[in-house]
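Report on the structure given below.
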Amino acid sequence: MSDTPIDSSKRTWLIASGCAGAVGGVATAVPFVSTFQPSERAKAAGAAVEVDISALKPGEKVTVEWRGKPVWIVKRTPEQLAELSKLDGQLADPKSERKPSELTPEYARNEARSIKPEILVAVGICSHLGCSPSDKFQTGAQPSLPDDWKGGFLCPCHGSTFDMAGRVFKNKPAPDNLEVPPHMYLSDTRLLIGEDKKA
């Protein structure tokens, strides 16, 4: 041990400069570490989107964005579901057999085009020229729709019509059904859009 006395002003100076250096190091590290998080652009390019559908009531739709596209989540009523099987003869691709690897995951290749029959998850972009169809859930005669309309979607650009499962009607400009994006349920009320494989 040294017999030299400790200069208290020097000790205070060393402690203060050490603290300032630590604060500076943290201030530098935080922005650097945050660069490891995916950017907003990266998220839009493909990151999955989690959606809470607990407040969604029958006959309602919510829209979320995934990969820069609108994704519709529709909770269909029992009446809307019952009509799906009656429309097969009027549809261009009722069983979603065209381009299945691009448009319809295997778990959605059914009449309702969904994992849970009452919930439709579909990309809200018409397969003709990329317009976004409008909701036409009300049944019956309406402008630009047949008198026996059972509910679905109408593309305002060129008149393509889709049923409540996003299946396109025959003799319309749209060549294919609406795309069903990859998705899975994390719980009864939480959906993950963009992923369908459990880790």
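The values are calculated or read from the model by the stated rules, or taken from the named source; none is laboratory data. All values reported here derive from a predicted model rather than from experimental measurement. As a convention, Cβ positions derive from the backbone with ideal geometry for all residues, glycine included, and neighbour counts pool all protein chains shown. Note: accessible area is taken over every heavy atom of the protein model, side chains too, but ligands, DNA and RNA are not part of it. Shrake-Rupley method; radii C 1.70, N 1.55, O 1.52, S 1.80 Å.
Does segment 71-80 include one or more residues that are touching a strand residue (DSSP E or B) at 6+ places or on another chain (Cβ under 9 Å) and either farther than 27 Å from Asp147 by Cα or hydroxyl-bearing (Ser, Thr, Tyr) (or both)? First the steps, then the outcome.
As a first pass, look at segment 71-80 and keep what is touching a strand residue (DSSP E or B) at 6+ places or on another chain (Cβ under 9 Å): 71-76, 80.
Filter again for either farther than 27 Å from Asp147 by Cα or hydroxyl-bearing (Ser, Thr, Tyr) (or both), leaving 71.
Yes, because at least one residue in segment 71-80 is touching a strand residue (DSSP E or B) at 6+ places or on another chain (Cβ under 9 Å) and either farther than 27 Å from Asp147 by Cα or hydroxyl-bearing (Ser, Thr, Tyr) (or both).
Tell me, yes or no, whether segment 31-43 has at least one residue that is under 30 Å from Val74 (Cα atoms), under 36 Å from the mean Cα position of the chain (by Cα) and modelled with pLDDT of 60 or more. Break it down into steps so the answer makes sense when it comes.
Going residue by residue through segment 31-43, those that are under 30 Å from Val74 (Cα atoms) are 38-43.
Now narrow it down to the ones that are under 36 Å from the mean Cα position of the chain (by Cα): 38-43.
Narrowing further to those that are modelled with pLDDT of 60 or more: none.
Scanning segment 31-43 turns up no residue that is under 30 Å from Val74 (Cα atoms), under 36 Å from the mean Cα position of the chain (by Cα) and modelled with pLDDT of 60 or more.
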Item to check | Residue satisfying condition, being under 20 Å from Ala82 (Cβ atoms), modelled with pLDDT of 85 or more, in contact with a strand residue (DSSP E or B) (Cβ under 7 Å, 6 or more places away or on another chain) and of a type in the set (Phe, Trp, Tyr), within set Phe162, Phe137 | outcome: Phe162
Checklist entry - Is it the case that Ala112 is on the phi < 0 side of the Ramachandran plot, at pLDDT 90 or above, open to solvent by less than 60 Å² (accessible area, probe 1.4 Å) and in a loop (DSSP other than H, G, I, E, B)? => result yes
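Give me a count of the residues in segment 55-82 that are polar (S, T, N, Q) and open to solvent by less than 50 Å² (accessible area, probe 1.4 Å). Give the steps one after another, and end with the answer.
Step one: list which residues in segment 55-82 are polar (S, T, N, Q), which gives 63, 77, 80.
Narrowing further to those that are open to solvent by less than 50 Å² (accessible area, probe 1.4 Å): 77, 80.
Count: 2.
Checking the structure you have, find out if any residue of segment 83-106 is of a type in the set (A, V, I, L, M), touching a helix residue (DSSP H, G or I) at 6+ places or on another chain (Cβ under 7 Å) and surrounded by 18 or more Cβ atoms within 10 Å (Cβ to Cβ). Working first, answer last.
First pass over segment 83-106, keeping only residues of a type in the set (A, V, I, L, M): 84, 87, 91-92, 103.
Within this subset, residues satisfying the condition of being touching a helix residue (DSSP H, G or I) at 6+ places or on another chain (Cβ under 7 Å) are none.
For segment 83-106, residues of a type in the set (A, V, I, L, M), touching a helix residue (DSSP H, G or I) at 6+ places or on another chain (Cβ under 7 Å) and surrounded by 18 or more Cβ atoms within 10 Å (Cβ to Cβ): absent.
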